[in-house]
1. How do the pairs read when you match residues in segment 38-61 that are at pLDDT below 95 with residues anywhere that are hydroxyl-bearing (Ser, Thr, Tyr) and not in a helix (DSSP H, G or I), using Cβ under 8 Å and keeping only pairs 6 or more apart or on different chains?
2. Could you list all residues from segment 95-132 that are surrounded by fewer than 17 Cβ atoms within 10 Å (Cβ to Cβ) and over 15 Å from the mean Cα position of the chain (by Cα)?
3. If you take the residues of segment 203-214 that are outside any strand (DSSP E or B) and open to solvent by 30 Å² or more (accessible area, probe 1.4 Å), which of them is modelled with the lowest pLDDT?
4. Any chance segment 169-182 includes a residue that's out of contact with any Lys or Arg (no Cβ under 6 Å at 6 or more places or on another chain) and within 24 Å of Gln94 (Cβ to Cβ)?
5. Every residue in segment 165-199 that is open to solvent by 60 Å² or more (accessible area, probe 1.4 Å) and among the hydroxyl-bearing types (Ser, Thr, Tyr), please.
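The values are calculated or read from the model by the stated rules, or taken from the named source; none is laboratory data. Just so you know, these numbers come straight off a predicted model, no measurement behind them. When we count neighbours, we look across all protein chains shown, and the Cβ atoms used for this are built from the backbone with ideal geometry, even at glycine. For accessibility, only protein heavy atoms count, side chains too; no ligands or nucleic acids. Shrake-Rupley method; radii C 1.70, N 1.55, O 1.52, S 1.80 Å.
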Amino acid sequence: MRQASADLLNPQAPLRREVFEAEARAAPATHTAWRVLIVDARAEDAAPLAEALRRHGHHVERARNGYAALETYGEADVDIVLLDPDLPDVDGLQVCRQLTAAGRTAVVVLSDRGSELDVVLGLQAGADDYLVKPCGLRELLARIEAVMRRVQPRIERRVLSIGALRIDAALREVRLGGRTIAVTRKEFDLLYLLAARPETVVTREQLLREVWADSWSRRTVDTHVSSLRTKLGSRDWIITVHGVGFRIGRA
């Protein structure tokens, strides 16, 4: 088993899938199921890693390049990102900066670049941890748990109530009249930001900066506002202040 652990995530290791399966069976079960986004251009690395994480009960999404990572992150509710910064389309460290800008998601870099400079640059880009390939599945699972213990206090335990609307920051749950409303990650962030500032108009520029880290267009805000109004069943929940932005309302 020591050899299997050493070969895990090694780009040159043979029988990578078999190694992952052996490690997945041997590694102790984790107690918390995290929502994981794997960002890796190499399917031969990402696929067996995703399978091993699913065996331990985690929910896994995959992205093969930087733009896909940011798009998936914007629509999925992700707890932690496993990022290989060697991406074919954009600078992986810039992707790391954008992912960590909101401060709500952990990022662990998985890279075969192990120089001191590479590690420092990764951490300076906002990564919560940096692992050099090859590393063992048991070590990776332990690192994920350790990182999540550190970053969970970032999430404020606060429930906002506006009429029949209830927004739970820790559970990332929206309920209306006792009914759960399914929203995307960015829809939740947008709605929570507006609800946390009642009687205040939040500009489009503020929303882009705080929810999207300035990485998307003004039209993105309008699209998400329209989707939220549809899901909440009324335009009155989000009021447009023409020429300025939006504020939370009541229906």
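1. Qualifying pairs under 8 Å: His56/Thr30; Gly57/Thr30; His58/Thr30.
2. Asp112, Arg113, Gly114, Ser115, Glu116, Leu117, Val120, Leu123, Gln124, Val132
3. Pass one, segment 203-214, residues outside any strand (DSSP E or B): 204-214.
In the following step, the residues that additionally are open to solvent by 30 Å² or more (accessible area, probe 1.4 Å) were identified as 204-206, 209-210, 213-214.
Details: Arg204: 88, Glu205: 87, Gln206: 85, Arg209: 79, Glu210: 79, Ala213: 67, Asp214: 59.
Applying the filter and picking the extreme gives Asp214.
4. no
5. Scanning segment 165-199 gives a single hit, Thr180.
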